[in-house]
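Asks: Here you go, one structure.
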Amino acid sequence: MSDDVRLAVPADEDKIVAMISLLHDENGLFPLSPDRVRAYMQRYFRRQGALIGVVGEIGDPVGSIYLGIEQPYYSEAWYLNEAWNFVHPDHRRSDYAKKLLGWAKEKSEEMKIPLMVGIVSNHRTEAKVRLYEKQLEKAGAFFVWNRHFAGPCAWDK
């Protein structure tokens, strides 16, 4: 299913950061820090507990997914924590989001650890929920209080 998904390479970094800016424009709750995004991505590039899957040519990805290899605060168990699954708006009529999610599920199978995926959004939220409900077991919801303390964000649009 995820034959179109490959591991990111350093030549993809700038385009991934640009896509995260678009993602932030749609869903960002807190102010965007491109430097923080790059630092976060370094966990993958330095092989320090993360995976980044991409769709598209080297240096020109059109979709990406980030999986952190994490532990819950209350357990020694490991899981894959999806930070983003984003497809550029010009490619939204594709099945790339589903392929990226399929790739994440394959990594979960290969690593024998659970995959956790969440949606924190107020843009096309119902469509995202429908996509994930068809692919994964539902396990909760997110809520926010005092979001105005976060500063100006995409949710104010």
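Read-outs: derived from the displayed coordinates by stated rules, not from any lab. If you're wondering where the values come from, they're calculated on a predicted model, not measured in any experiment. Methodologically, a virtual Cβ is constructed for each residue, glycine included, from the backbone with ideal geometry; neighbour enumeration extends over all protein chains shown.
Asks: Which of (1) at positive phi; (2) crowded, with 18+ Cβ neighbours inside 10 Å is the odd one out, the single condition Ala104 does not satisfy?
Replies: Ala104 satisfies all of (1) at positive phi; (2) crowded, with 18+ Cβ neighbours inside 10 Å except (1).
Asks: Filtering region 123-157 down to residues that are over 19 Å from the mean Cα position of the chain (by Cα) and among the small types (Gly, Ala, Ser), which residue is surrounded by the most Cβ atoms within 10 Å (Cβ to Cβ)?
Replies: If we take residues in region 123-157 being over 19 Å from the mean Cα position of the chain (by Cα) and among the small types (Gly, Ala, Ser), then Ala150 is surrounded by the most Cβ atoms within 10 Å (Cβ to Cβ).
Asks: Right, here's the next one. On the basis of being in contact with a helix residue (DSSP H, G or I) (Cβ under 8 Å, 6 or more places away or on another chain) and either among the basic types (Lys, Arg) or free of Cβ contacts under 8 Å to residues at least 60 places away in the same chain (or both), does Pro10 make the cut?
Replies: yes
Asks: Separate question: Within region 13-57, restricting attention to residues that are touching a residue at least 24 places away in the same chain (Cβ under 8 Å) and assigned to a loop (DSSP other than H, G, I, E, B), which residue is nearest to the chain's Cα centre (by Cα)?
Replies: Gly28
Asks: Across region 85-118, what is the total count of residues that are aliphatic (A, V, I, L, M), closer than 18 Å to Gln71 by Cβ and not in a helix (DSSP H, G or I)?
Replies: Matching residues across region 85-118 total 4.
A quick yes/no check of all residues on (1) touching an Asp or Glu at 6+ places or on another chain (Cβ under 8 Å); (2) farther than 20 Å from Trp103 by Cα; (3) among the aromatic types (Phe, Trp, Tyr):
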position	(1), (2), (3)
Arg6	no, no, no
His24	no, yes, no
Phe30	no, yes, yes
Arg36	no, yes, no
Arg43	no, no, no
Ile69	no, no, no
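Asks: What pairs come up if the first residue lies in region 132-147 and is over 23 Å from Trp103 (Cβ atoms), the second is part of a helix (DSSP H, G or I) and not basic (Lys, Arg), and their beta carbons are under 8 Å apart, counting only those six or more places apart or on different chains?
Replies: Arg147/Trp155
Asks: Here is a list of conditions, (1) surrounded by fewer than 10 Cβ atoms within 10 Å (Cβ to Cβ); (2) touching a Lys or Arg at 6+ places or on another chain (Cβ under 6 Å), and Asp90 meets all of them except one; can you say which number that is?
Replies: It is condition (2) that Asp90 fails.
Asks: What about Asp60, is it in contact (Cβ under 8 Å) with a residue 12 or more places away in the chain and surrounded by fewer than 14 Cβ atoms within 10 Å (Cβ to Cβ)? Before you say what the answer is, go through the steps one by one.
Replies: On the way: in contact (Cβ under 8 Å) with a residue 12 or more places away in the chain: yes; surrounded by fewer than 14 Cβ atoms within 10 Å (Cβ to Cβ): yes.
So Asp60 passes the test.
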